[in-house]
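Asks: Sharing a structure below in structure tokens format, with a few things to ask.
The values are calculated or read from the model by the stated rules, or taken from the named source; none is laboratory data. Owing to the predicted nature of the structure, the values given are computational and were not obtained by experimental measurement. Counting neighbours? That spans all protein chains shown, and the Cβs are built from the backbone with ideal geometry, glycine included. SASA here: full protein model, heavy atoms, side chains in, ligands and nucleic acids out. Shrake-Rupley method; radii C 1.70, N 1.55, O 1.52, S 1.80 Å.
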Amino acid sequence: MRKKLIKWSVVVCMVAALLLFLRWKLPAKQDVSLAETSLAATDDLVASYRDGQNSLMFRSRGISEQEVYHLLQAGEPYLSNLETETYQNGALRLTWNIPSKQEQDDGLKAARKLGAQAVQGQITIAGKLQAIHDALIRGCVYTENGALRTQMAAGAVQDKKAVCAGYARAFQAMCDGAGLDVYYVEDDDMTHAWNAVRLYGTTYFIDCTYDDPVPDGGEKAGQTYFMLTADEMKQTHTWNAELYEDYLDSRYPENFAYIQRMQDLQLADAGLRAGDCDKNASSGEITQLNKLLDTTVADSEEKISRGELYKKGYQALSEEVDGEKRIERLINNYTVPMLVARKMGF
């Protein structure tokens with residue numbers, strides 16, 4: 001009888017040890033993401049963080065923790081870190097942490113306010129980007145001190161000194177405060193950072209750090225690295241261009257380019273963002289656009305997305321009415337800015 005008890009005790013201990021081993025080696029099931037790409041994993045991790053959980057498990061082998069970290073930085077203007085745990089079964093746990101979050105939030109709030117102030121009086125999106133670029137450079141001094149605050153928006157706009165990461169995060173937040181969708185870009189080694197924006201369907205890059213003279217030039221702001229195409233930027237910068245282009249594709253709906261053009265022509269609400277593109281236009285928006293264009297691009301009773309509405313409106317500008325293009329009539333009536341229309345090829 002005693003031998004049987006010993007035998008069963010050994011079995012129970014072995015099973016318990018095995019369960020403890022599996023618990024240590026295998027991930028929990030309640031927080032597993034079904035994402036299969038780094039981009040989808042990034043979105044799931046951000047959504048999980050906003051729900052109060054900063055850690056998430058992934059089972060797909062198609063997820064790269066380095067790519068996820070780059071994309072987290074791209075969309076969220078925080079200095080942060082990503083912890084990684086790998087398991088023998090191929091699972092991957094990613095934990096996203098934002099240090100000194102209240103401190104960073106205070107800096108981001110200040111940056112957004114500064115951005116809103118900087119674009120006062122500007123009509124076009126490019127003009128707003130230029131104003132923010134110049135305001136940031138004039139108000140910040142480049143430092144080689146890599147302390148945490150110099151890498152935050154807080155360093156650039158509150159302490160007035162930053163490294164490249166601080167410039168790029170501040171620029172992103174300032175643009176957000178001005179109602180513009182702009183993203184953070186960094187090289188693979190995370191030794192330099194700058195920004196990307198998509199305007200009229202084309203990706204442009206802006207490097208405020210490189211445009212800030214060293215030693216500081218006071219009111220002087222360089223323009224060499226403002227609104228460069230990918231081919232132009234590749235002459236001096238290296239980054240995972242395909243990864244970021246895919247990311248921007250996911251952030252800028254195709255028809256948003258038409259909203260941007262119509263905003264510059266003052267025919268669409270300047271406050272519309274990329275996230276508004278696929279939402280249904282209100283009957284008031286449709287009626288207002290029809291009135292401005294003196295035509296009917298959509299019926300106020302039908303459901304149409306804002307992107308599709310302003311695409312139709314933009315296309316209607318080239319239509320002839322009594323031998324005159326509709327855009328010409330709008331220019332003559334001072335409804336749209338002439339120089340902006342001419343730059344667009346009208």
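Asks: Tell me whether segment 54-68 contains one or more residues that are open to solvent by 50 Å² or more (accessible area, probe 1.4 Å), hydroxyl-bearing (S, T, Y), out of contact with any Gly (no Cβ under 9 Å at 6 or more places or on another chain) and without any contact (Cβ under 8 Å) to a residue 40 or more places away in the chain.
Replies: Scanning segment 54-68 turns up no residue that is open to solvent by 50 Å² or more (accessible area, probe 1.4 Å), hydroxyl-bearing (S, T, Y), out of contact with any Gly (no Cβ under 9 Å at 6 or more places or on another chain) and without any contact (Cβ under 8 Å) to a residue 40 or more places away in the chain.
Asks: Taking the conditions exactly as written (in contact (Cβ under 8 Å) with a residue 40 or more places away in the chain and charged (D, E, K, R)), does D211 satisfy them or not? Quick ask: steps written out before the conclusion?
Replies: Details: in contact (Cβ under 8 Å) with a residue 40 or more places away in the chain: yes; charged (D, E, K, R): yes.
Yes.
Asks: Testing T224 on (1) among the hydroxyl-bearing types (S, T, Y); (2) modelled with pLDDT of 95 or more; (3) open to solvent by less than 50 Å² (accessible area, probe 1.4 Å), one condition comes back false. Which one is that?
Replies: So the condition that T224 fails would be (3).
Asks: Here's a follow-up. Go through A135, A170, A126 for me and flag whichever is surrounded by fewer than 24 Cβ atoms within 10 Å (Cβ to Cβ), part of a helix (DSSP H, G or I) and in contact with a strand residue (DSSP E or B) (Cβ under 8 Å, 6 or more places away or on another chain).
Replies: Working: A135 fails: in contact with a strand residue (DSSP E or B) (Cβ under 8 Å, 6 or more places away or on another chain); A170 fails: surrounded by fewer than 24 Cβ atoms within 10 Å (Cβ to Cβ).
Testing whether each residue is surrounded by fewer than 24 Cβ atoms within 10 Å (Cβ to Cβ), part of a helix (DSSP H, G or I) and in contact with a strand residue (DSSP E or B) (Cβ under 8 Å, 6 or more places away or on another chain) leaves just A126.
Asks: Another one. Looking for whichever is in contact (Cβ under 8 Å) with a residue 12 or more places away in the chain, open to solvent by 60 Å² or more (accessible area, probe 1.4 Å), in contact with a helix residue (DSSP H, G or I) (Cβ under 6 Å, 6 or more places away or on another chain) and over 25 Å from V157 (Cβ atoms) here; the options are Y258, Y200, Y252. Which one fits? Show your work before the answer.
Replies: Details: Y258 fails: open to solvent by 60 Å² or more (accessible area, probe 1.4 Å); Y252 fails: open to solvent by 60 Å² or more (accessible area, probe 1.4 Å).
Only one candidate qualifies: Y200.
Asks: Right, something else. In segment 190-219, which residues are touching a Ser or Thr at 6+ places or on another chain (Cβ under 9 Å) and either farther than 20 Å from M174 by Cβ or in a strand (DSSP E or B) (or both)?
Replies: A193, W194, A196, V197, T202, T203, Y204, F205, listed by residue number.
Asks: While we're on this one: Output the number of the condition that Q120 fails; it satisfies all remaining conditions of (1) under 12 Å from M174 (Cα atoms); (2) open to solvent by 20 Å² or more (accessible area, probe 1.4 Å); (3) not in a helix (DSSP H, G or I).
Replies: Condition (1) is where Q120 drops out.
Asks: Restricting attention to segment 45-66, report how many residues are within 19 Å of the chain's Cα centre (by Cα) and more than 18 Å from N81 (Cβ to Cβ).
Replies: Qualifying residue count for the region: 1.
Asks: Consider G115 carefully, then state whether it is over 30 Å from K343 (Cβ atoms) and not in a loop (DSSP other than H, G, I, E, B). I'd like the intermediate steps shown before the answer.
Replies: Values: over 30 Å from K343 (Cβ atoms): no; not in a loop (DSSP other than H, G, I, E, B): yes.
Here the answer is no, as G115 does not meet what is asked.
Asks: Just checking, which of L108, L94 is among the hydrophobic types (A, V, I, L, M, F, W, C), modelled with pLDDT of 95 or more, farther than 23 Å from D181 by Cβ and not in a loop (DSSP other than H, G, I, E, B)?
Replies: Values: L108 fails: farther than 23 Å from D181 by Cβ.
Exactly one of L108, L94 is among the hydrophobic types (A, V, I, L, M, F, W, C), modelled with pLDDT of 95 or more, farther than 23 Å from D181 by Cβ and not in a loop (DSSP other than H, G, I, E, B), namely L94.
Asks: Taking segment 138-150, which residues are open to solvent by 50 Å² or more (accessible area, probe 1.4 Å) and touching a residue at least 60 places away in the same chain (Cβ under 8 Å)?
Replies: Within segment 138-150, R138, V141, Y142, L148 meet the criteria.
Asks: Being without any contact (Cβ under 8 Å) to a residue 24 or more places away in the chain, closer than 30 Å to K161 by Cβ and of a type in the set (A, V, I, L, M) narrows it down to one of L82, L129, L114, L71, so name that one. Give the derivation first.
Replies: Details: L129 fails: without any contact (Cβ under 8 Å) to a residue 24 or more places away in the chain; L114 fails: without any contact (Cβ under 8 Å) to a residue 24 or more places away in the chain; L71 fails: without any contact (Cβ under 8 Å) to a residue 24 or more places away in the chain.
The match here is L82.
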